[in-house]
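Let me begin by presenting the structure, written as C-alpha cells, before commenting on it.
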Amino acid sequence: MLVQTNFRIDTTTQPRSVQPNVPSLVAQSRPSVVAFFADKAPIYAQGAPAGPLYLVEFGAVRIYRLTADGRRQISAFHFAGEVFGFESGDEHQFFAESIGGAGIRALRPTSAGRMAESLLPLALRSLSRAQQHLLVLGRQNAREKMAAFLLDLSERQETDRFIDLPMQRNDIADYLGLTFETVSRILRKLKDAETIRLPSIKQIEVLDFAGLRALCK
C-alpha cells in the first residue's frame, strides 16, 4: 500500500542520521511529497527502469535481489536520512522494499549540473558501504560478521548504547550470509558474554563496544 502525504523534510533541523550533502540535494530537487510504503511494499523492482533517487524520510528500506534458485540476498539497509537508488545503467539491479512501513521521497533534479555536485559524495559513500559489506561477507567467523554489523548500525544511528533493529532476524541472516538459527545463536552468545543485552526483539543494548571491536580485528 502506498499513501502520499504532504509531509516535507525540514532541512534546518535534520535528524542526526542525515548524510552530509543530503540537504543540498533536496534543495536542488523538484518539490515532491513523501510517499508512505507499508511493510514489505515494493519501492522499485529488479529490472524496472531506473529513475529518480530516493530519500528515506522515516522508517527503513532493504535492498535485495533474488538468485536463480529463488534465494534472497540482501545487499543493503537504508535508514532515515539516507539516499538510495544509485544505478550504473538504465535498469534497477535490485529490489527495494519497505521494512515495517517507510516514508520515501523521490529526488528528481531541477538542474543536473548542480545536483551532480551533491550526488558524487553520496554515490562514493554508497560504494564504500558496498565494499565494506563485501569485507564483512568475507569473514569466516559468524561472530565477527555480527559484531561488524552491530558496529555499523551503531555508527549510522549515532547511538551511545541502544541500537534499533527495524529488520527481522531473517533479514539480518540474508544480509550477513548466515542462517536464521546462526544469527539467533550468535546474539545469545554475545548476550551470555555480557557484550550486549537484548531488551526486546527490536532493540539491542551494547554493553561492551571494545569487545565488539576486538571481534572485528
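Laboratory data are not the source of any read-out in this text; all were calculated from the coordinates shown. All values derive from a computational prediction rather than experimental measurement. Note: ideal-geometry Cβ built from the backbone for every residue, glycine included; neighbour counts use all protein chains shown.
Worth a mention:
- Peptide packing for 158-170, 95-107 was compared via the average number of neighbouring C-beta atoms within 10 Å per residue; ordered from the highest value, the list is 95-107, 158-170.
- Separation in nanometres of the label points that stand 7 Å from Cα toward Cβ, at LEU207 and GLN93: 4.2 nm
- Residue order, fewest to most surrounding Cβ atoms within 10 angstrom, among PHE94, PHE58: PHE58, PHE94
- Residue order for ASP39, ASP152, ASP90, ASP69, fewest other beta carbons within 10 angstrom first, comes to ASP69, ASP90, ASP39, ASP152.
- Residues THR195, THR179, ranked from the fewest to the most other C-beta atoms within 10 Å, line up as THR179, THR195.
- The range 142-215: C-alpha gyration tensor shape, a/c 1.5 cut-off, then a/b vs b/c: rounded
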